[in-house]
Amino acid sequence: MKFSDRVPSDLTPNRITTALADLRSRGVPIIDLTESNPTRVGLAYRGDLLDPLADRASLTYEPSPFGLECARAEVAADYRRRGVEVDRARVILTASTSEAYSLLFKLLCDPGDEVLVPRPSYPLFDHLTRLDAVRARPYLLGYDGAWTVDLDSVRTALTSRTRAIIVVSPNNPTGSFVSADEMAALSGLCAERGIALIGDEVFADYGLGDRPDRHPSMLAEPLALTFGLGGLSKSAGLPQIKLGWMAAGGPASLVDAALARLEVIADAYLSVSTPVQRASGALIASGAETRDRVRARVAGNYRELAALVGDHPACTLLPVAAGWSAVVQVPATRAEEALVLTLLEQDHVLVHPGYFYDFPREAFVVLSLLPEPRVFRDGVEKALERAVA
Ligand SMILES: Cc1ncc(COP(=O)(O)O)c(C=O)c1O
């Protein structure tokens with residue numbers, strides 16, 4: 001039997017996954033410092049939060065490729081909250097950001113075409129591109145006390161097969177924003193090359209401080225055909241609800257041509273459920289409360305992490321401007337994988353190695369800033385002790 005090459009032929013789990021499964025099968029409690037699921041870190045959600053999903057209006061099915069008008073208007077209103085004007089006619093609902101990427105790859109790429117992805121960044125890009133028969137080519141984010149986009153590496157990575165540049169701002173796991181100047185340069189480059197800009201803004205609501213050069217949205221002044229991606233997963237801490245979206249911007253003729261084609265693609269799936277769409281206004285509104293809780297959790301853990309790392313001069317906490325994760329540089333006296341495995345097997349603490357996110361060199365560990373504060377502190381203390389041992 002021949003299966004598609006879109007799925008890797010070697011499905012053997014990596015050593016960290018295997019070690020974790022072994023510990024869990026033996027009932028060993030694990031301090032999980034990779035937990036980035038907001039519904040599993042003891043945050044309070046209102047008890048009636050999901051009541052709007054039972055709206056009787058959802059008993060009627062009105063298939064609509066981009067989603068119901070009322071729900072698209074709620075998303076446009078949410079962009080307004082962030083200071084961005086988006087016409088609801090340019091909003092497309094999806095079940096998740098992953099699905100939005102998949103629709104965009106289908107829109108923009110033929111098999112073998114390329115999209116540029118930041119490095120280090122979200123590890124799922126490798127899978128998402130491959131599943132749509134697209135190649136991910138990395139461009140670099142440089143670190144010199146702050147993260148910047150290496151525009152030379154973007155230009156070098158461009159080929160005749162490049163169809164889009166993906167920008168993640170704030171980026172996961174570096175917690176860095178793309179600056180207004182970088183954004184303008186990338187947008188200009190895309191316009192010049194006739195390719196699209198895909199902007200993943202799922203963490204846009206989670207800035208940790210004020211960055212004056214922060215770009216409010218990819219959709220603010222797009223020179224190229226641009227798609228901004230967002231969703232309830234992060235903005236309302238509700239990944240299980242499965243409501244994401246994208247909004248298109250840029251030259252009107254390109255947007256119109258893209259939307260006409262996207263409609264054909266979205267019409268083949270119609271993947272967003274009617275109850276979710278009908279409840280979207282209430283669910284988006286609930287995000288305000290959840291965001292406050294998540295922000296307080298992230299800020300508290302980040303302060304704690306800075307204090308704990310401060311006690312270990314051999315380790316460095318990279319500054320976090322936004323998002324839910326933090327990167328700690330640790331002594332490169334052994335491979336990241338060896339450190340992560342020892343920490344897991346001996347101390348029962350799970351962190352991610354930098355190489356999961358394609359850091360160009362070792363040694364870094366990546367932590368989620370979401371876990372409960374006592375658990376977080378306990379895990380970080382153990383991780384730092386082990387990193388310098
Ligand atoms: C950069 C980035 N984009 C998208 C997502 C996932 O969003 P969704 O749950 O809407 O697919 C994540 C999840 O961690 C992420 O880090």
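The values are calculated or read from the model by the stated rules, or taken from the named source; none is laboratory data. Keep in mind that what you see is a predicted model, and the values were worked out from it rather than measured. A quick note on method: Cβ atoms are made from the backbone with ideal geometry, for glycine too, and the neighbour counts reach across all protein chains shown.
Selection over the range 345-389 of residues that are farther than 17 Å from S36 by Cβ and assigned to a helix (DSSP H, G or I) gives a count of 14. Restricting V309, V276, V294, V298 to those that are farther than 19 Å from R90 by Cβ, touching a Pro at 6+ places or on another chain (Cβ under 8 Å) and surrounded by 16 or more Cβ atoms within 10 Å (Cβ to Cβ) reduces the list to V294.
The condition (being farther than 24 Å from F203 by Cβ, in a helix (DSSP H, G or I) and at pLDDT 95 or above) is satisfied by just one residue among T342, T290: T342.
Every residue, every condition in (1) out of contact with any Phe, Trp or Tyr (no Cβ under 7 Å at 6 or more places or on another chain); (2) crowded, with 23+ Cβ neighbours inside 10 Å; (3) at pLDDT below 95, yes or no:
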site	(1), (2), (3)
P138	yes, no, no
S160	yes, no, no
V168	no, yes, no
A220	yes, no, yes
G231	no, yes, no
S235	yes, yes, no
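On the stretch given as the range 78-88, residues that are touching a residue at least 60 places away in the same chain (Cβ under 8 Å) and surrounded by fewer than 18 Cβ atoms within 10 Å (Cβ to Cβ) total 2.
Quick one: how many residues across the range 270-287 are in a helix (DSSP H, G or I) and touching a strand residue (DSSP E or B) at 6+ places or on another chain (Cβ under 9 Å)? Final tally of qualifying residues: 3.
For the range 178-201, a residue qualifies if it is among the hydrophobic types (A, V, I, L, M, F, W, C), part of a loop (DSSP other than H, G, I, E, B) and crowded, with 24+ Cβ neighbours inside 10 Å, and exactly one does: V178. When the range 120-168 is filtered for residues that are among the hydrophobic types (A, V, I, L, M, F, W, C), part of a strand (DSSP E or B) and under 25 Å from A321 (Cα atoms), the ones remaining, listed by number, are L140, L141, W147, V149, I165, I166, V167, V168. Of the residues making up the range 124-147, those that are in contact with a strand residue (DSSP E or B) (Cβ under 9 Å, 6 or more places away or on another chain) and within 16 Å of the ligand (Cβ to nearest atom) number 9. Can we say L108 is away from the ligand (no atom under 16 Å from the Cβ) and buried (at least 20 other Cβ atoms within 10 Å of the Cβ)? So L108 passes the test.
Does A326 satisfy the criteria of being within 16 Å of the ligand (Cβ to nearest atom), farther than 30 Å from T60 by Cα, touching a Lys or Arg at 6+ places or on another chain (Cβ under 6 Å) and small (G, A, S)? The answer is no for A326.
Would you confirm whether or not the range 249-260 contains a residue that is in contact (Cβ under 8 Å) with a residue 24 or more places away in the chain, of a type outside the set (K, R) and within 16 Å of the ligand (Cβ to nearest atom)? Checking the range 249-260: not a single residue is in contact (Cβ under 8 Å) with a residue 24 or more places away in the chain, of a type outside the set (K, R) and within 16 Å of the ligand (Cβ to nearest atom).
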